[in-house]
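Single-structure report; data block below.
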Amino acid sequence: MRVIHLCFQLHVPYELQMLKSDETDVGVEKGGHALAYFNSAESFRRTNHEVYQPFLALIERNVQKFKALHFSLIISGAWLEQAEQYEPELIERLKKLVKTGQVELVSVPYYHSLAFFYAQDELLEQVEKYQSQLERLFGVKGRIFALPELIYNDAIGKWAEEFGFAGMLVGGSARALDWRSPNHVYEAAGCKYLRLLVRNWHLSDLIERGDESLLVEKKGEDGEKKLVLSLEKFRKLLDLDFLRGSLVNLCFDTQMFAQRRQQGVTRFFDELFTTWLNEESNKFATAAEACVVETPTAELSIKNTVSWRGDAEGGGTSGAMMGVVLKSEVENKLPEWLNRRDQVEVSKLVYGARRQILASEDQKLANDLRRLMLVDYHKGTDSSVMAKITEIVEDLKRRTEEIKKSQAVEISRAYTKKRDRGEVERKTDATVDYDGAIRVNFDRQPGTVSGAVHVKTEDEEGLDIPVRRLGGQAQVVKEDLEDDTAEVVGELENEIAEEIPVVRKRKTHAVRKIIKKLVIE
């Protein structure tokens, strides 16, 4: 039996633009932000006409014609968002295809990101979000996993198995595979059951590039001669490749249907489906089905990160490494085409802002930052794109600080209203540490969480006074306190004076200074 696993990728990045909040924006409501950064309506609709319509038409007619036609789709979260926003009909068509059982959806990081290399907790969140989206839209969850560009190394495989995936799609050239054939199912090194499907880069790239070795001259409908893809030439190469194994994994980006339209790529696949299934021993399989077409022939260990691009760009994945290198550094090293200094700096800028922006608990800001994680923005050298990313990250940080200040004011107002209604009992107490320092504590509203810290200040008499403060929060001095609070302060001063009469005057003076610098939560 000879099996072809066909896999097509649906992915398109957002267009980076600095827009006013009242303009159309993916995932940002009107007036939601001072600035918006992504507006892909026009470009997505254009790509839909040039790419997705012909691709889906090809798939739909052949799925109806051949019940044995099985294949896989990699659909990025960025594509799903834009399709839902601008062309919801695409989602409906995909739903019908998935319901046939002939199409499998491969799970990916939602934002098509490099999070594995920069923040694995972010990777976990993105994969969980993607699985939830698949279940919401299509009623399924992915069983097979892939990173963008089919990036893979042993550490990624271990992560995928721990998450619960049964297999992964792997990129890379023959050199990256240590000259093993990609036409087999492999066991992942260091894993108990994870299986690997390796993209046949040679055959896949011949079609994607429209390689001249596959082209023949034919007359078009208009009578003009054109160079078009020849299925006959491809079948000869395919038959030879099957001598090296019974499974061929062909993976393509659907952008190919626009790039190779003049070379008859749609007709090429129509003929491939028909002629391949005419032979009884030939099969098409989804990714999960491909994982079990044979017992794994060997364990595959890949230390140096490989990807869809293989050796084609960025110098490939060199096997030789000079000097002493830590194992963790090898397993977490990006492919060479993503590992230039300028690329790494952009990635660190984006991922470095993650914790600060997530702390704002503003989901729109978090989503805006995550859209910048798309690998598309990190693999080029376009200085204008890098400048836009830097500008957007800085603006996100600024808006995060504004939100934090706004939240602090709202908390303070809510607390004051509750206290005025008598719903919160306000207490103040002081304790004397063994070193003679005084700590003044005001209770907080039950259930609130504070980032307050104790900061020592020094009065003019040389006494260190720990003062409880909140960075960035509004400060309220004694003159702004209400009468009941002032009474509590007076009682506090008396208690301190009775407890340590020797330093009564100094301590009382110190407490007054504390009150002036006190921050009320």
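The values are calculated or read from the model by the stated rules, or taken from the named source; none is laboratory data. Predicted model only: the values in this text are computed from it and were never measured. When we count neighbours, we look across all protein chains shown, and the Cβ atoms used for this are built from the backbone with ideal geometry, even at glycine. For accessibility, only protein heavy atoms count, side chains too; no ligands or nucleic acids. Shrake-Rupley method; radii C 1.70, N 1.55, O 1.52, S 1.80 Å.
For this structure, a couple of remarks:
- Remark: for residue pairs 333/404; 192/333; 96/303, the C-alpha separation exceeds 29 Å in 333/404; 96/303.
- Portion, in percent, of the accessible area of the range 143-201 that falls on carbon or sulfur, probe 1.4 Å: 48
- Taking each of 67/236; 67/218; 141/233; 158/379 in turn, the alpha-carbon distance tops 27 angstrom for 67/218; 141/233.
- Once the chain from residue 294 to residue 162 is taken as fully extended at 0.36 nm per residue, the excess over their C-alpha distance is 45.2 nm.
- The range 154-214 and the range 98-130 have Cα centres separated by 17 Å.
- Each of the peptides 267-274, 201-208, 187-194 was scored by the mean count of other Cβ atoms within 10 Å over its residues; in descending order, highest first, they stand as 201-208, 267-274, 187-194.
- Over all other residues within a Cβ to Cβ distance under 15 Å of residue 57, the charged ones net out to 0, with Lys and Arg as +1 and Asp and Glu as -1.
- With all protein chains kept in place, the per residue accessible area of the range 167-259 amounts to 46 square angstrom at a probe of 1.4 angstrom.
- Using 0.36 nm per residue and subtracting the Cα-Cα separation, the extra length available between residue 68 and residue 355 on full extension is 98.5 nm.
- Simple spin-label estimate for residue 174 and residue 242 gives 2.0 nm between the two label positions (7 Å along the Cα-to-Cβ direction from each Cα).
- Calculated from backbone phi, Karplus (6.51, -1.76, 1.60) coupling profile of the range 241-257 in Hz, x at Gly/Pro: 5, 5, 5, 9, x, 9, 10, 10, 9, 10, 10, 9, 8, 5, 4, 4, 6
- Residue by residue, the range 334-347 carries 3J(HN,Hα) couplings of 5, x, 4, 6, 10, 10, 6, 4, 5, 5, 5, 4, 5, 4 Hz when phi is fed to the Karplus relation 6.51 cos²θ - 1.76 cosθ + 1.60 (θ = phi - 60°); x denotes Gly or Pro.
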